[in-house]
C-alpha cells in the first residue's frame with residue numbers, strides 16, 4: 001500500500017540530496033561562510049555516499065544524521081534545513097505512525113537548531129526561528145503522512161479495481177477477461193501448456209434448491225481446482241459453470257490431468273477437454289476454438305449416452321409394468337383351471353362338469369397372450385397409400401351386425417372422401433373396430449354411434465362418438481394404461497394397443513367424455529399427398 005509513497009521519497013533523496021549539497025557548497029564558498037572547505041567537501045561526500053549506498057548497506061541510515069550535521073556545521077548555511085526536511089521524510093521508509101515519525105523529526109530539527117546556534121547569535125529572533133522550525137517539522141510530518149495515506153488509498157483502490165476487473169468475485173478465480181489476458185501472455189512468451197476446459201455436469205440439479213446451493217458448488221469446485229493444480233499458470237471461471245485451467249506441460253501429462261479431474265479427486269462430476277499448446281496449434285484463436293469444440297463433442301456424446309440410458313430405463317420400466325400386469329392377468333385363469341383340475345381328482349379325473357369353464361379360461365389366456373404379443377411385434381410393415389373412406393366403410397360393414405344386435409344405430413358421416421393415409425390397412429381397421437366396439441359396449445340402452453371423417457390442415461380426423469354414460473374424470477388418465485379395464489371380461493390391452501398402432505403411423509388418439517352424455521374418441525393420422533397428385537391403390 002505504501003510502495004508509491006516510498007518510491008517518491010527514494011527519488012527525492014537521490015535527486016535533491018546531491019543537488020542541494022552542490023548548491024549549498026557553491027553558496028558557502030561564494031559567501032565565504034565555510035571555515036574549512038576540504039572538510040566541507042569530505043563531509044558532503046560521506047553524507048551523499050551514505051544516502052546512495054543505504055539500500056545496499058542499511059546500517060548507513062543510522063549515521064546519515066551525523067554526516068548531515070557535520071556537513072551543516074562545515075558550511076554554516078541555514079539552507080541546509082531543506083536537507084534536514086528531506087532526511088526527515090526518509091524515516092517514512094520504516095516508520096508508519098505519527099508516534100514513531102514525529103519524535104525523530106523533532107530530533108532532526110533540534111540537531112539543525114543546535115548546529116545553527118554555533119554560527120548565529122543567540123537572541124529573541126533566533127528563539128522564534130527555532131520555534132518556527134519545530135512547528136514546521138510537525139506540519140511537514142502531518143502533511144506527508146496525509147500525502148502517503150492518500151497515495152496508499154489511491155493505489156489500493158486501483159489494485160482492487162484491477163483485481164475485480166480480472167477476477168470472479170464468487171470464487172476468486174480469473175474471470176473471462178483475466179483468462180484471456182493470461183492466455184495471451186503465455187502465448188506471447190511461448191510457454192508450453194495444456195488448455196483444459198471444464199464443464200460442471202448436472203449444474204441445474206445443484207441450483208434446484210436455490211442460488212446458495214449453486215454458488216456453493218461453484219465455489220467448492222474453484223477451491224478444489226486451486227488445490228489440485230497449485231502451479232497452474234491461471235485458473236478461470238467463465239460462462240457460469242465453466243472453468244479453464246492453464247497447466248504447464250512440463251509438470252503434467254494428459255493422463256495425469258484426467259486422473260486428477262476424476263470425481264474422487266475433484267468431488268464433482270465434470271466434462272473436460274485438454275488441448276496442448278503449441279503442439280496442436282500455435283494460433284491463439286484456433287487453440288480456444290479447438291478446446292471449445294472438443295468440450296462440445298464430449299458433452300454431446302455424454303448427453304446422447306444419458307438419453308440412451310434414460311430411454312433404456314423407461315423401456316425396461318414399461319416392460320416391467322407389462323410383465324407384472326401380464327403375470328397378474330394370466331394367474332387368475334390359471335388358478336381357476338388348477339382348482340378345477342384338483343376337483344376332478346376327487347371324481348377320478350372326470351372334468352366334464354367343469355369342461356366349459358376350463359375351456360373358457362384357457363380361451364381367455366390365449367386371447368390375452370395374443371393381444372400382449374402385439375406389443376412385441378415390429379412396427380407396421382405393410383405400409384401403402386390407402387383410401388380412408390374404403391377403410392372406414394369396411395369397419396362399418398364389419399360392425400353393423402353387432403350394432404343391430406345390441407339395438408344401437410351406427411351412423412357414418414364422411415365429409416371428405418378424397419383422404420388418403422400411408423398406412424397398414426389391417427392395423428388401422430383393427431384400431432377402428434376396437435374403438436367402435438368399445439362405443440357399442442358403452443351404451444346400456446339403445447343409442448347412436450357416430451363415425452365421422454373430416455380433414456384438418458394436413459391431418460385426417462376420425463371421430464367415434466357414442467351416447468353412453470361417459471367415462472368418469474378420474475379414469476380418463478388411465479384408460480390407455482396396459483391392463484386397465486372396467487369390463488368384467490376385458491384384458492385392458494385394447495386401448496393400449498390402439499395407441500401403439502396410432503403412434504406407429506405417426507398419429508395419436510385422444511378422448512373427450514362428459515358423464516351421462518357420452519364419449520368421443522378421436523384418431524388423428526397424417527395425410528398422404530404425393531407430389532404428382534396420383535395414388536397407387
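The values are calculated or read from the model by the stated rules, or taken from the named source; none is laboratory data. Being a predicted model, the structure only gives us computed values, none of them experimental. Cβ placement follows ideal geometry from the backbone for every residue including glycine, while neighbour counts extend to all protein chains displayed.
Listed by first and then second residue, the pairs with beta-carbon distance under 9 Å, at least 6 apart or on different chains, first residue in region 101-112 and outside the structural domain of residue 86 (by TED's automatic domain parsing) and under 14 Å from residue 66 (Cβ atoms), second surrounded by fewer than 19 Cβ atoms within 10 Å (Cβ to Cβ) and modelled with pLDDT of 80 or more, form an empty list. Pairs meeting the criteria (first residue in region 467-478 and closer than 11 Å to residue 511 by Cα, second residue surrounded by fewer than 19 Cβ atoms within 10 Å (Cβ to Cβ), beta carbons under 7 Å, at least 6 apart or on different chains) are 470/514; 470/515; 470/516; 470/517; 476/511. Of all residues in region 274-314, how many are out of contact with any helix residue (DSSP H, G or I) (no Cβ under 8 Å at 6 or more places or on another chain), under 19 Å from residue 200 (Cβ atoms) and surrounded by 14 or more Cβ atoms within 10 Å (Cβ to Cβ)? Of the residues in that region, 8 qualify. Among residues of region 269-290 that are more than 22 Å from residue 250 (Cβ to Cβ), those with a beta-carbon under 6 Å from a residue that is assigned to a strand (DSSP E or B) at least six positions away or on a different chain give the pairs 270/198; 270/200; 271/199. Every test in (1) over 29 Å from the mean Cα position of the chain (by Cα); (2) free of Cβ contacts under 8 Å to residues at least 24 places away in the same chain; (3) surrounded by 12 or more Cβ atoms within 10 Å (Cβ to Cβ) is passed by residue 135 save one, and that test is (3).
The rows are residues; the columns are (1) under 60 Å from the mean Cα position of the chain (by Cα); (2) modelled with pLDDT of 80 or more.
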{"site": "13", "(1), (2)": "yes, no"}
{"site": "16", "(1), (2)": "yes, no"}
{"site": "28", "(1), (2)": "no, no"}
{"site": "33", "(1), (2)": "no, no"}
{"site": "36", "(1), (2)": "no, no"}
{"site": "66", "(1), (2)": "no, yes"}
{"site": "73", "(1), (2)": "no, yes"}
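A search for C-beta distances below 8 Å between a residue of region 326-344 that is modelled with pLDDT under 70 and any residue that is surrounded by 13 or more Cβ atoms within 10 Å (Cβ to Cβ), counting only pairs 6+ apart in sequence or on different chains, returns 326/368; 326/372; 326/483; 328/483; 329/368; 329/483; 329/491; 329/492. Scanning region 42-77 for residues that are buried (at least 16 other Cβ atoms within 10 Å of the Cβ) and closer than 19 Å to residue 30 by Cα turns up 43, 44, 71, 72, 73, 74, 75, 76, 77. Taking region 399-409 as the range and being surrounded by fewer than 17 Cβ atoms within 10 Å (Cβ to Cβ) and either touching a strand residue (DSSP E or B) at 6+ places or on another chain (Cβ under 9 Å) or modelled with pLDDT of 90 or more (or both) as the test, the residues that pass are 400, 402, 404, 409. Just so you know, in region 238-277 the residues that are in a loop (DSSP other than H, G, I, E, B) and over 20 Å from the mean Cα position of the chain (by Cα) include one that is farthest from residue 178 (Cα to Cα), and it is 253. Filtering region 419-467 to residues that are more than 20 Å from residue 398 (Cα to Cα), under 54 Å from the mean Cα position of the chain (by Cα) and at pLDDT 85 or above leaves 419, 420, 421, 422, 454, 455, 456, 458, 459, 460, 461. Of all residue pairs spaced 6 or more apart or on separate chains, those with beta-carbon atoms under 6 Å, a first member in region 487-515 that is farther than 22 Å from residue 421 by Cα and assigned by TED's automatic domain parsing to the domain that holds residue 438 and a second member that is assigned to a strand (DSSP E or B) and at pLDDT 85 or above are 512/520; 513/519.
In this structure, does residue 412 turn out to be touching a helix residue (DSSP H, G or I) at 6+ places or on another chain (Cβ under 6 Å) and either buried (at least 19 other Cβ atoms within 10 Å of the Cβ) or assigned by TED's automatic domain parsing to the domain that holds residue 508 (or both)? When the stated conditions are applied, residue 412 passes them. When the residues of region 2-11 are filtered to those that are exposed (fewer than 13 other Cβ atoms within 10 Å of the Cβ) and at pLDDT below 65, the one that is farthest from residue 155 (Cα to Cα) is 7.
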